1. Ranked from the most accessible area to the least, with a 1.4 Å probe and all protein chains present, what is the order of TRP199, TRP280?
2. Report the calculated FRET efficiency for GLU226 and GLN314 (r = Cβ-Cβ distance, R0 = 22 Å), to the nearest 0.05.
3. Assigning unit charges at the beta carbon (Lys, Arg +1; Asp, Glu -1) and nothing else, what dipole magnitude in debye, to the nearest 20, does the stretch 188-326 show about its Cα centre?
4. Which pairs break 29 Å Cα to Cα here: LYS81/LYS126; LYS124/LYS281; LYS81/LYS268; LYS125/LYS320; LYS96/LYS211; LYS166/LYS281?
5. Tell me which of LEU220, GLY244, GLN293 sits at the most positive position along the dipole axis of the stretch 219-326, charges placed on C-beta atoms (Lys, Arg +1; Asp, Glu -1).
6. Treating only the Cβ atoms of Lys and Arg (+1) and Asp and Glu (-1) as charged, compute the dipole magnitude of the stretch 172-247 about its Cα centre; round to the nearest 20 debye.
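The values are calculated or read from the model by the stated rules, or taken from the named source; none is laboratory data. What you see is a predicted model, and the numbers here were worked out from it, not measured in a lab. Here the Cβ is made from the backbone with ideal geometry for all residues, glycine too, and neighbour counts use every protein chain on show. In case anyone asks, the SASA skips ligands and DNA or RNA and just uses the protein heavy atoms, side chains included. Shrake-Rupley method; radii C 1.70, N 1.55, O 1.52, S 1.80 Å.
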Amino acid sequence: MVCALCCCFFTERAIAKHEVREIEQRHTIDGFRSDVVLDEDDDVVIIYNRVPKTASTSFTNIAYDLCARNKYHVLHINTTKNNPVMSLQDQVRFVKNVTSWKEMKPGFYHGHISFLDFAKFGVKKKPIYINVIRDPIERLVSYYYFLRFGDDYRPGLRRRKQGDKKTFDECVAAGGSDCAPEKLWLQIPFFCGHSSECWNVGSRWALEQAKYNLINEYFLVGVTEELEDFIMLLEAALPRFFRGATELYRTGKKSHLRKTTEKKLPTKETIAKLQQSEIWKMENEFYEFALEQFQFVRAHAVREKDGELYILAQNFFYEKIYPKSN
């Protein structure tokens, strides 16, 4: 077991080093200089603090597919042991990197980290946050089987619970720790942030803070179940990064899509048992809050015709402009 964990650890480190080498090579090829002056469109950073098992890899791979064409950089934030909470000193380093690393702008940063408020560090121009969330039980089920069987993205990589054949239903029936209601507590703290209360399971304060951040700090939050619409809205609003994303998603070979293998859907009895938990009720409240907000944004941005959605053209204009020009 120790050897397997070591193998997994060194594989992840090798992948991370390869990504860094790719960035350094692209840096050299592009000929960026530290004193380069960025125009307004290029001085943009997007942070996608991706929640595990919400189609985050699928979406991120679209960004990788588009970065060369649309001329921006993609950087994976790889934290030790996938810890979503950074130390205070790493928070300072990260904020400094994101705001002053001109060679990587425009940049798309992604990683399994909780929300970080850049304003606390005196930053004038904050990054654009985006995210995707998922039905909390479906997310947990997907993560449960992912730890045991992996997925089709890196099928040869040995996962932490590989060899455990117990189904999710059997785990819930036996009161197992991997399927306990406490494991549902993830999307709320990811949006809540780096405060200690965010990670206190069942905290009503954390739920309200997560809602506040979603509305006030995030440009757009989509849902896994409506990922194509999320991509379409991003392309319409942020074409500098996402031009061509909708077409890629619709007509591509879907190589960017990632599926957990050997996943067995839970029974109604299992779902009902989890739904008795106050933790599920809170996570589900947050999910429905996010879903309602996303559908509100979509309703004001698109129209449906012949079963297809299309983006509305600019719907405002300026008049009575004074003083009059000669």
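1. Result of the area sort, largest leading: TRP199, TRP280.
2. 0.35
3. 440 debye
4. LYS124/LYS281; LYS81/LYS268; LYS125/LYS320, as the Cα separations exceed 29 Å there.
5. GLY244
6. 240 debye
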